[in-house]
Each structure stands twice: as C-alpha cells, then as structure tokens.
There are 2 protein chains.
Amino acid sequence: MKAFRVEVRVMPRATLLDPQGRAVEHALHALGFDEVTAVRIGKHLVLDVTAPSKDEAAARARAMCDRLLANPVTEDYSVLVEAA
Amino acid sequence: MKAFRVEVRVMPRATLLDPQGRAVEHALHALGFDEVTAVRIGKHLVLDVTAPSKDEAAARARAMCDRLLANPVTEDYSVLVEAA
C-alpha cells in the first residue's frame, strides 16, 4: 500500500444558481473590484489516503464523492491524485 | 481589457485544527473508507474577471483574497489565472 494525496474539487453545477457566489460578487463590487463579472464558490478537499495504486486511489475517491462528499443533484466534482 | 478565469483555493492553515475536515474523516470511516488518514476542507472559488494582462489579473485576485476572500490569520490561498 502506498500513500497518495487526493485533491477533490466540488462545485455547484453550472446550470444552477450559486447564491453564495452572488453574495461574494456583490461584496467584491462594494469593495471596488468592479472587474469581477462572475463568482462561483465550491469546496476544495485534500484527502490523505493509502491504496495499492494511483488508479485505485482515484476510484475510491470518486466513490467517496458519490457517497458523501458531493451532492449528485446539485454539484459536480473532479478528482486529482498524486503520490504523497 | 481581456477576460480571465481565476481559480482561487483557500485552505485552513496546516498548523490549525480543521474540525470540518475531522468530521468528514469520521463520516468516511463510518462508511467503510478506512484508507483515509486525513481530510482538510477549504473553499474553491472561480472568478471571471477582466484585466489588461494575466499578471494584473493575478495581482487583483490576490488583493481580493487579502481584503475579503481569505482570513489572513487562519487561511492560506493560492491563485491560478488562465485566459477565459
């Protein structure tokens, strides 16, 4: 078993409203950052895992996203695995 | 002015406790994902901005992090800019 670091990005789906992102966009405009035209906000998770291979670590991480880390109705995720 | 997409990652500092990450780690163990040895959770922001250059877009994004997007006491951030 080897150690891997898995970076998981979970974002609201592009077709859905993102009220948190809209709120931050308004706050940035109020601070004078008028060049911002859109903001979307999601989660970034860093998981330390052990697995027999990089492919297996990625498969398990995707299973974690499907089971717990991401909401399949409202969120998309991406998984990136590197040796720890 | 050109359009850029800025990816901002905001994570709790490595030296600080991350209670949200610990809670997710325990939940993953309860679901049978025992290979997970650590979880840290932060934010991922995607900003659409206009700027005269890529360097200027990155500088403005770092200013936004310092002013609003990240807590300088408890969080670290990284900024990645690409042409939109």
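Things worth noting here:
- The count of lysine pairs in the protein assembly as shown whose Cα atoms are under 23 Å apart, excluding pairs fewer than 8 places apart on the same chain, comes to 5.
- Estimated D of the protein assembly as shown in µm² per second, where Rh is the Kirkwood radius over Cα pairs and Stokes-Einstein applies at 10 °C, 1.306 mPa s: 94 µm²/s
- Applying D = kT/(6 pi eta Rh) to the stretch A:2-83, where Rh is the Kirkwood radius over alpha-carbon pairs, T corresponds to 20 °C and eta to 1.002 mPa s, the Stokes-Einstein value obtained is 150 µm²/s.
- Interface area, B with A, accessible, probe 1.4 Å, both sides summed, Å² nearest 100: 2800 Å²
- Net charge, B:I41 excluded, C-beta distance under 10 Å - Lys, Arg +1, Asp, Glu -1: +2
- Cβ-placed point charges (K, R +1; D, E -1), dipole of chain A about Cα centre in debye, nearest 20: 300 debye
- Rounded accessible area of B:T74 (nearest 10 Å², 1.4 Å probe): 50 Å²
- Element breakdown for chain A at a 1.4 angstrom probe: carbon and sulfur atoms account for 55% of the accessible area.
- C-alpha long axis of helix B:54-64 to longest principal axis of chain B, angle in °: 60 degrees
- Largest GNM mean-square fluctuation across A:L47, A:L69, A:L28, computed for chain A with C-alpha springs under 10 Å, falls on A:L28.
- Separation between Cα centres of the stretch B:1-60 and the stretch A:1-15, rounded to whole Å: 10 Å
- Nearest-ten-degree value, helix B:19-30 long axis tilted from longest Cα axis of chain B: 50 degrees
- The residues of chain B expose, per residue, 54 Å² of accessible area to a 1.4 Å probe.
The values are calculated or read from the model by the stated rules, or taken from the named source; none is laboratory data. This one's a predicted model, so the numbers in the text were calculated from it and none came from an experiment. Here the Cβ is made from the backbone with ideal geometry for all residues, glycine too, and neighbour counts use every protein chain on show. Calculation scope for accessible area: heavy atoms of the full protein, side chains included, ligands and nucleic acids excluded. Shrake-Rupley method; radii C 1.70, N 1.55, O 1.52, S 1.80 Å.
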